[in-house]
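Below you'll find the structure, written out as structure tokens, and then a few comments.
Please treat every number below as a calculation from the coordinates, not as lab data. Predicted, not measured: the structure shown is a model, and the values here were computed from it. Positions of Cβ are backbone-derived with ideal geometry, glycine not excepted, and every protein chain shown enters the neighbour counts.
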Ligand SMILES: O=C(O)CCCC[C@@H]1SC[C@@H]2NC(=O)N[C@@H]21
């Protein structure tokens, strides 16, 4: 059985507006990294200003990390978190072939959206920042499709697709343990092995995708993710590196 990782704190809330907001409120008082899990969120947020619908029984948590170094290095923790989620999903289902990762940091199950990650930060000085890694996983139930944007991937739940039922608390133990392993690897060896591991689990590598920002769309073949975590597409106009976007298949 997976144990709780040494050095990481944990608190479980019945209800909160958003675990990301709670993280920002309590982070200055925390002595070390801390997971905040909520059974219910009243104002959860998703990427790019979207909301996040999280029915009871789904996983909603934020990890608070105090980090030294460049903000770009902090942002690469989204890949660390995505790998941790992938491993946790495999640990509870025993089905590595069913899961994949979508740039920048969604977890797919049978090609549909199972989980999302939202990074926020605070308190940045020259050498220290607080990073909040917000994670939502449809463990029990997928949100209603009416809540989705056009072209967004269909949401699915772990229980619906695999029949595996796990509580958010037990899932947190798996995610926290996997995160601690990958974070130790990141600290010791940098982004290179994380990047390799992420690419080995990537959805649609070598296939055509569309990357959309608020203002532009880029179509191309998904070539790789570079050493800075940017999406690399081969387009009709040549190779393009994209720092942030939504990807559509
Ligand atoms: O848009 C996405 O794919 C990212 C969704 C992230 C949702 C999680 S749920 C826990 C944490 N608290 C929030 O308000 N959002 C994140």
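A few comments on the model shown:
- The chain, relative contact order in percent, only Cα pairs under 8 angstrom and at least six apart counted: 18
- Multiplying the residue separation of residue 2 and residue 95 by 0.36 nm and removing their Cα-Cα distance gives an extension gain of 31.7 nm.
- Cα-based Rg / Dmax (Å) for the chain: 17.2, 51
- Net lengthening on full extension, residue 212/residue 42 (0.36 nm per residue, minus Cα-Cα): 58.3 nm
- Taking label points 7 Å from Cα along the Cα-to-Cβ direction, residue 11 and residue 170 give a separation of 2.6 nm.
- Intensity falloff of the stretch 1-123 expressed as log10 I(q)/I(0), Debye formula with alpha-carbon point scatterers, at q = 0.21, 0.22, 0.23 Å⁻¹: -1.50, -1.59, -1.64
- Whole-Å semi-axes of the ellipsoid equivalent to the stretch 35-82 (Cα gyration tensor, √5λ, descending): 24, 13, 9
- Taking 0.36 nm per residue of separation and subtracting the current Cα-Cα distance, fully stretching the chain between residue 29 and residue 154 would add 41.1 nm.
- Helix-derived mean residue ellipticity, 222 nm - over the chain, DSSP H n ≥ 4, -39500 (n - 2.57), to 500: -8000 deg cm²/dmol
- Rg to Rh, two decimals, where the stretch 208-248 supplies the alpha carbon set and Rh follows Kirkwood: 0.92
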